[in-house]
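Structure, as structure tokens:
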Amino acid sequence: MISAAVRPRGPFSLRLSGRHGSNATRSFLEGRLETALVGSGGIELGRAWQQPDGVVQLRVGSEEGLHQLRFLLALDDDHSPFLERFARDPLLGEATRRLRGLRPLRLPTVAHSLLRAVCGQLIQASRARAIERTVIRAATPRLPDSRLHAPPDCAALGRFSPAELRRLGLGARRGATLVRLCRSVDLERLRSLPTSAAADRLERERGLGPWSVGVVCLEGLGRLERGLVGDLGLIKLCSAIRGRRAEAWETAELLEPYGEWAGLASVYLLAASGLGLVPLAKRAAA
């Protein structure tokens, strides 16, 4: 067992970042994160919790597992410039003060982020997460003495046929997209590419739009530049701001002012909207 005490770079709150982070591969309960990782010796359990002084304690089984857990928590990626730059932003200003420790949790494999993206297309979020859990539980082994399953890679997801995925709840077209990409693209290699190149590669594929590419960039690659264009929550927010039903493309306009922070801005806008921290009335009247 390897232990590490890590002081995150910049503001970080595990409580804020992990509050909706549970899935088939990890759980977050009472301030403690437990996650299945694939280390040098196979599947292993990683644990994380934050001390009152801000230090995050990590427990893993291998150095590879430690590297994955630090990536998953984004402990080494300081977003202070984002908080400072948009402290007086009419939409995000209050959120940068109230949610300053929020960072989007990442997924251990790019393949898992692709699965999340295709599950989340055009359906309710709760239903999407249920399908994601079902597919992962069918695709990967369970960690011994745990309910957590190993994060899926391309091999695990690519062995399904679209028909099999349809029986697990994933629509035929989305299942075909997932299988085709897992069999034909080295998804993990995308982490070695610049964000623009990785996004361009994904956008050339049938079945993937701006929102799906944004999910992969944000949660799979750990990049903050690509916004969640077309996200249903952002469409609702945009509609409230504009006083009419907004179209998906208008969320690109909503995110455009945030430039290279558009992905993180998406996360903050969604969280702030859910907590009533976006001053819609003032913005609409302007």
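The values are calculated or read from the model by the stated rules, or taken from the named source; none is laboratory data. Only a predicted model underlies this, so the values are computations on that prediction, with no experimental measurement involved. Cβ: placed from backbone, ideal geometry, glycine included. Neighbour counts: every protein chain shown. Heavy atoms of the whole protein, side chains included, go into the accessibility calculation; ligands, DNA and RNA do not. Shrake-Rupley method; radii C 1.70, N 1.55, O 1.52, S 1.80 Å.
Quick one: compute the contact order of the range 103-174, relative version, from alpha carbon pairs under 8 angstrom and 6+ residues apart, as a percent.
This gives 31 percent for the range 103-174.
How do R26, R189, R174, R147 stack up against each other in accessible area, from largest to smallest, with a 1.4 angstrom probe?
Accessible-area ranking of R26, R189, R174, R147, largest first: R147, R189, R174, R26.
Would you work out which of V60, S22, Q121 lies farthest towards the positive end of the dipole of the range 1-148, given +1 charges on the beta-carbon of Lys and Arg and -1 on that of Asp and Glu, about the Cα centre?
Q121
What is the chain's relative contact order, in percent, from Cα pairs under 8 angstrom and six or more apart in sequence?
RCO, the chain: 17 percent.
Taking the chain as a whole, which cysteines find no other cysteine Cβ under 4.7 angstrom from their Cβ?
Cys with no partner Cβ under 4.7 Å: C119, C217, C238.
If ligands, DNA and RNA are left out, what is the accessible area of W49 with a 1.4 Å probe, given in Å² to the nearest 10?
60 Å²
How many angstrom separate the Cα center of the range 198-246 from the Cα center of the range 86-158?
14 Å
Could you put D89, D53, D78 in order of accessible surface area, largest first, with the 1.4 Å probe and the full protein assembly present?
Reading off the accessible areas and sorting them downward yields D53, D78, D89.
Given contacts defined as C-alpha pairs under 8 Å and at least six residues apart, what's the relative contact order of the range 69-135, whole-number percent?
Dividing the mean separation by the residue count of the range 69-135 yields 28 percent.
For the range 1-135, go through all pairs of different Cα atoms, get the mean of 1/r, take its inverse, and jot down that Kirkwood value in Å.
16.0 Å
Based on the mean of other beta carbon atoms within 10 Å per residue, what is the order of 202-208, 41-47, most packed first?
Highest to lowest by the protection proxy: 41-47, 202-208.
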